[in-house]
1. Find out how many positive minus negative residues lie around Thr40, taking Lys and Arg as positive, Asp and Glu as negative, among other residues whose Cβ is under 15 Å from that of Thr40.
2. Where does each of 241-254, 41-54, 221-234, 332-345 land if you order them by average Cβ count within 10 Å, highest first?
3. Where the only charges are on Cβ atoms (+1 Lys, Arg; -1 Asp, Glu), what is the dipole of the range 228-338 about its Cα centre, to the nearest 20 debye?
4. Working out 0.36 nm times the residue gap between Arg266 and Glu236, then minus their Cα-Cα distance, what length gain in nm do you get to one decimal?
5. Sort 441-447, 199-205, 354-360 by the packing proxy (mean of other Cβ within 10 Å over each peptide's residues), most packed first.
6. Between the range 1-50 and the range 140-197, what is the C-alpha centre distance in whole Å?
7. On full extension of the chain, what length is gained from Glu326 through Leu105, given 0.36 nm per residue of separation minus the C-alpha to C-alpha distance?
8. I'd like the distance between the alpha-carbon centres of the range 232-297 and the range 375-432, rounded to an integer number of Å.
Amino acid sequence: MTQLTFLGATGQVTGSCYLLESRAGRILLDCGLFQGGKATEEQNTAEFAFDPANIDAVVLSHAHLDHCGRLPKLVKEGFNGPVYLTEASYPLLELMLKDAVHIQLRDTEWENKRRERAGKPLLEPLYELEDVEALLALRVAVPYNDILEILDGLTVAFHEAGHILGSSIVELHINDHGNTKTLVFSGDLGNPLSPLLRDPCILTHADVLLLESTYGDRDHKALAPTLDELQAALAEAAHSGGNVIIPAFSVGRTQDLIYWLGKIQRRGGLPQQQIYLDSPMAIRASEIYAEHTDLFNIDDPEFTAIAPQGWQAWLHGLIYTQTAEESMAVNRITGGAIIIAGSGMCNGGRIRHHLKYNLWRHNAHIIIAGFQAEGTLGRMLVDGYKHSLKILGADVNIAAKIHTLGALSAHADQSQLLGWASHFENPKPRLYLIHGEKSATLTLQTCFKRRGWDANIPKVGETIHF
């Protein structure tokens with residue numbers, strides 16, 4: 001008997017983690033960080049619901065931290081098996097985890113100084129750099145669409161998901177005494193309107209389907225008016241003399257934004273002459289993207305020709321700021337610049353410094369171009385929070401204009417999710433909706449039921465058999 005236990009990204013968007021147990025052995029699908037408010041992130045320090053030393057392998061859908069961010073903790077607590085991932089995810093995983101451990105160790109050090117002064121017990125970091133290095137040594141890269149037997153009677157294939165570079169739809173075939181079952185895990189499905197990557201691969205057969213539901217309760221805005229809104233915000237900021245601040249995930253969203261700003265520039269709609277990419281991780285991620293242009297779509301021949309030369313050849317005026325000193329110099333710019341920085345949900349990183357120095361300015365514009373989880377600073381801005389915020393120890397008034405650009409999301413929306421799933425042949429697979437807040441998942445469940453397909457919403461710790 002094969003069984004699957006839901007251990008994360010269940011009833012919430014982050015913390016992707018699923019335990020598959022069969023005659024072949026025990027594997028994890030993803031092992032991601034919980035991200036959001038304090039209560040959500042406290043789940044990261046909890047003990048695993050299994051013994052990491054007894055896990056035979058990990059299959060990783062992609063390199064965003066909510067899918068991979070607890071892997072070093074898994075190693076720290078005894079895991080020593082292979083981690084299967086796509087070829088493009090191989091370098092991105094190193095980038096993401098080394099940045100994550102640096103931030104985590106720094107934040108732990110700062111918090112422990114505060115606790116020491118207050119006479120409180122000190123915190124232990126979630127993991128150390130040596131744990132990251134040990135994890136990275138376990139990586140096994142697998143080309144898209146190859147079928148690889150990872151345990152006796154258990155095969156994996158990665159298919160293009162179109163979410164970020166290297167993102168995958170995971171297809172597992174489990175042979176149990178001659179009876180083969182197929183599990184498909186959507187990972188994060190991409191938005192087909194994304195300008196860089198190929199559309200998600202269409203699959204037609206599964207016995208069990210795990211489907212993300214991040215945007216299960218809505219469709220994105222149309223692309224053309226969204227780009228018009230972006231261009232109008234840039235023009236308004238230039239007219240008023242203010243800066244444009246864009247929180248962006250370093251992997252995926254940043255590269256899409258650079259692409260669209262380059263397109264707007266080419267049609268004469270980009271008045272700003274200086275565009276700062278203030279994130280060492282986003283700069284390196286952009287370089288990795290440029291090293292894998294073979295995975296880009298070919299919808300834009302002009303971009304396809306320029307992309308291998310690098311992003312600064314595509315977007316004139318793009319300035320990389322690597323050091324802390326360079327970032328602080330950007331903080332002194334009071335107007336006329338576009339500043340792109342992480343984190344994408346404004347819950348850490350250099351973006352908080354830029355918000356501290358710009359959010360109170362009436363002529364500043366904040367452009368939110370990605371999903372904002374509950375409990376994050378970015379979500380408060382999207383939801384229209386009007387009071388002052390505590391940012392890096394300072395009370396900051398919200399006077400800047402907030403723009404939300406839904407069409408630039410890297411996630412499939414409701415119609416796209418339904419359309420992708422509709423290709424599965426009868427009899428339809430048992431369907432489980434994951435990776436969504438409660439309202440999004442419930443709405444998508446209703447949509448499937450109207451189509452005669454029962455969609456289950458699992459609970460944390462729930463186990464299914466097949």
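1. Details: positive: Lys38, Arg70, Arg379, Lys438; negative: Glu41, Glu42, Asp66, Glu374, Glu437.
Taking every Cβ under 15 Å from that of Thr40, the sum is -1.
2. Details: 241-254: 25.5, 41-54: 13.4, 221-234: 16.6, 332-345: 21.6.
Output ranking for 241-254, 41-54, 221-234, 332-345: 241-254, 332-345, 221-234, 41-54.
3. Values: 6 positive and 13 negative charges, 51 e Å.
For the range 228-338, the charge dipole is close to 240 debye.
4. On the way: separation 30, 0.36 × 30 = 10.80 nm, distance 1.86 nm.
Taking Arg266 through Glu236 to full extension adds about 8.9 nm, to one decimal.
5. Highest mean packing first, the order is 354-360, 441-447, 199-205.
6. 18 Å
7. On the way: separation 221, 0.36 × 221 = 79.56 nm, distance 2.23 nm.
Full extension of this stretch gives 77.3 nm more.
8. 19 Å
Any read-out appearing in this document is the output of simple, stated calculations on the displayed coordinates, not a laboratory observation. For clarity, every value in this text was computed on a predicted model and none was experimentally measured. Cβ atoms come from the backbone with ideal geometry, glycine included; neighbour counts cover every protein chain shown.
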